[in-house]
Amino acid sequence: MASIVPSDSLTALTPSALDASSVARGIMRLFARNDIWVLPEMPLRNGRRADLMGIDAKGHVVIVEIKVSRADLLGDGKWPDYLEFCDRFYWGVPSDLDRAPLDSAGFLPECCGVIAADGYDAEILRPAPSRPLAAARRKVEVERLARAALRRAVVAADPACSAWGQQAG
């Protein structure tokens, strides 16, 4: 999985980590303009970690898996594990990445959207079709996202609180 890191840590990064952060920032800006709010590096209940996971204005869960190189994209066999935790799934890629593999049957283009991004903005190249979660599953995921966001906000305000509630992500 591509690592998403805070922008204040950019000086000590490898090029691919910087690219993932830039892609994430561009996607977060696009989503914010469209009232979709996401958290980076959100743990899932199956042990995976979504690069970006959030909620749109209608309460639907969105996941974005960021890939910054062709090798990174082609080498990822775990991404289908994310589909059961979201209503819409997107691939997030740098604007200049060859996206041809994302049109192949193995990447399920009928159920996965594609977003191209840089550090400043993003564009949805292929909308993600809605694959509605069961209401009970959506409720659980929305509550997990809310708790994770609240925990992150509290820890940012008071780092001493980080010792409690580690399971929230």
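Values quoted throughout were computed directly from the atomic coordinates according to the rules given, and no laboratory measurement underlies them. Values in this document were obtained by computation on a predicted structure and should not be read as measured data. Note that each Cβ is placed from the backbone with ideal geometry, even for glycine, and that neighbours are counted across all protein chains shown.
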Less than 17 Å apart at the alpha-carbon level, and either on another chain or at least 8 residues along: which aspartates and glutamates does that give for residue 78? 41, 51, 65
Anchor residue 58: aspartates and glutamates whose Cα lies under 12 Å away (excluding residues fewer than 8 positions away in-chain): 35, 87
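Can you tell me the alpha carbon radius of gyration of the range 17-169 divided by the globular rule-of-thumb value 2.2 N^0.38 Å? Numbers along the way, then the final one.
On the way: Rg = 15.3 Å, N = 153, 2.2 N^0.38 = 14.9 Å.
Taking N as the residue count of the range 17-169, the ratio is 1.03.
Using just the helices of the chain, give the 222 nm mean residue ellipticity in deg cm²/dmol: DSSP H runs with n ≥ 4 each add -39,500 (n - 2.57), and the total is spread over all residues, rounded to 500. Can you show the working numbers first?
Values: 3 runs with 47 residues, N = 169.
It lands at -9000 deg cm²/dmol.
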Point-charge dipole on Cβ atoms (K/R +1, D/E -1) for the chain, about Cα centre, debye to 20: 620
